[in-house]
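Every number here is computed from the coordinates shown, using simple stated rules; none is lab data. No experiment lies behind these values; they were computed from the predicted model shown. Counting neighbours? That spans all protein chains shown, and the Cβs are built from the backbone with ideal geometry, glycine included.
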Amino acid sequence: MAMCTCVLAAQSIAQEGTASLVGKVEDIRGVGLLGTLADLHSESLPTTRSRVVADNLGMFRFSILLDGKYTLELQQAGFRRLTVKGISVSEGEHKVLPTLRMEVSSLDCSSHTALDHLRLGKPQGSLTSSVRVLHGHDTRNSRPMGGGEVTLICSKSTVCGAAKPNSKGEFLFQNLAPGNYALRANHVGFYPVEESGYEVQEGLESIYFPMYLKRCPLGNCDPRLGPKKPLAHCE
């Protein structure tokens, strides 16, 4: 009986994690967001969730975590929901996330890019998105567009990189300094599109919703005649 009790106790201890995760959430001014709801769930067991509330400095902490990969979701009234995927935690590790920044929610996001989610990356930041062909105004009928070119524009309208989307329309810019960027997408036979507001944060990969290109009628690709950005991801 004593041996049985010891074995059960050992199993109970083994099921309790020894890792922890700490982070901080701010607004674009660098002010901590008191009361932000932070939800953490295992990517292998998504139904298992833990919730904490950020303090007056915007700090939040999860303790007794098992090793594995997690997804973090941050919610605050008046701000866009922020999701960070692929957070790896090892047994006994005390992981500290880079400072996370939430954007104010807008009823009209036609002039703003929309962040899909973040992923932990290397010390320098990176930027990922994709290009899709737009049919009409419904983004659900769009399809990936490979080829063409996407240009990365830094401060003072300086071109600081170029990438060719793959067959899925995806492209990636790596080793970027923190800051705000713009993207310009070009493809023969389609209106060029330029969008600003792409933010890169240190130590994070920013994954943005797609850029949409529309075919030029009769070969006239004057950008002034191009379609407006679809309102697909407003919050």
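Taking 19 Å as the cut-off, the amide N atoms of segment 196-213 that come nearer than this to a point 7 Å along the Cα-to-beta-carbon line of residue 175 belong to 200-206.
Relative to the Cα centre, the charge distribution of the chain, modelled as +1 at Lys and Arg Cβ and -1 at Asp and Glu Cβ, gives a dipole magnitude of about 660 debye. Pairs over the 25 Å Cα-Cα cut-off, from the set 85/122; 69/164; 164/214; 24/122; 24/164: 69/164; 24/164. The slack in the chain from residue 105 to residue 83, taken as 0.36 nm per residue of separation less the alpha-carbon distance, amounts to 6.5 nm.
Adding -39500 (n - 2.57) for every DSSP H run of four residues or longer, then dividing by how many residues the chain holds, sets the calculated 222 nm ellipticity at -2000 deg cm²/dmol. Springs between alpha-carbon pairs under 10 angstrom, Gaussian network model over the chain: which of 67, 138, 55 fluctuates most? Residue with maximal mean-square fluctuation among 67, 138, 55: 138.
For the chain, the longest principal axis of the alpha carbon atoms and the long axis of helix 2-14 meet at an angle near 20°.
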